[in-house]
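Worksheet: one structure, shown below.
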Amino acid sequence: MSAQHYANYLPKDFDNFDCLKLAPGIYLILLFILRAYIIWIMSVTNMRDHVGIIQWIYPQTALFYLNLVSGVIGLFIVLVLSLRRPTAPAWVRICWQKCKMLLIVALAFDLLIGVLGYFIWHLQTISWLLVHCSLVISAVSYILKSKRFTINIAEFPEALPEK
């Protein structure tokens, strides 16, 4: 990467391996993809009513289970993110280069589940479907247009020389 790509960033924007810290929008996209797992964790930690939170957010439990399935790709991306370091195996480096595509596939699969849930199983309302579609479209456009995320994908942490 040339110096002009990094011209707008400050030293605080870099991590311990001199890589640009991950774009903050990616964390929001991962939260969106993994929302069923987050709700599941919240319900498990609720000591009084273990399924109350799930039933409140997902009145039809079938949609909750389908969102758990669609979040599997997001879990894999979190695994790759957590293993992204200089001593990472080769498969992590390869998967990191495909992270943009994986995020877009995860969002598309999540949208497909939502559309199927609405049209085939009648699990949600049209307003929910429109909000869901707009969130997915904005997330995909962020992934494709984010310069910071493009830099993140291009670089991989390397071991720095000892001081």
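The values are calculated or read from the model by the stated rules, or taken from the named source; none is laboratory data. This structure is a prediction, so every number in the text was calculated from the model and none was measured. Positions of Cβ are backbone-derived with ideal geometry, glycine not excepted, and every protein chain shown enters the neighbour counts. We work out accessible area using only protein heavy atoms, side chains counted, and drop any ligands, DNA or RNA first. Shrake-Rupley method; radii C 1.70, N 1.55, O 1.52, S 1.80 Å.
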Could you state the angle between the C-alpha long axis of helix 72-83 and the longest principal axis of the C-alpha atoms of the chain, as a value from 0 to 90 degrees rounded to the nearest 10? 30 degrees
Amide H partners (placed H, <5 Å) of residue 14, local residues excluded: 21
Calculated FRET efficiency for the pair residue 17/residue 56, C-beta based, R₀ 41 Å, to 0.05: 0.45
For a paramagnetic label modelled at 7 Å from the Cα of residue 44 toward its Cβ, which residues of the stretch 62-90 fall within the zone defined by backbone nitrogen distances under 16 Å? 65, 68-69, 71-72, 75-76, 79
With a 1.4 Å probe and all protein chains left in place, how much of the accessible area of the chain comes from carbon and sulfur atoms, in whole percent? 69 percent
Rg and Dmax of the stretch 16-111, Cα atoms only, in Å: 15.7, 46
Under 17 Å from the residue 122 label point (7 Å along Cα→beta-carbon), backbone N, the stretch 52-94: 59-63
What size of dipole, in debye to the nearest 20, comes out for the stretch 11-161 about its Cα centre when the only charges are +1 on Lys and Arg C-beta atoms and -1 on Asp and Glu C-beta atoms? 180 debye
Which chymotrypsin sites (Phe, Trp or Tyr not before Pro) does the stretch 60-117 hold that lie in a coil by DSSP with at most 10 other beta carbons within 10 Å? none
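Please go through the stretch 55-114 and write out the trypsin sites (Lys or Arg not before Pro) that DSSP classes as loop and that have at most 15 other C-beta atoms within 10 Å. Write down the numbers at each step before the final one.
Working: sites: 84, 93, 98, 100; in loops: 84, 98.
Sparse-neighbourhood loop trypsin sites (Lys or Arg not before Pro): 98.
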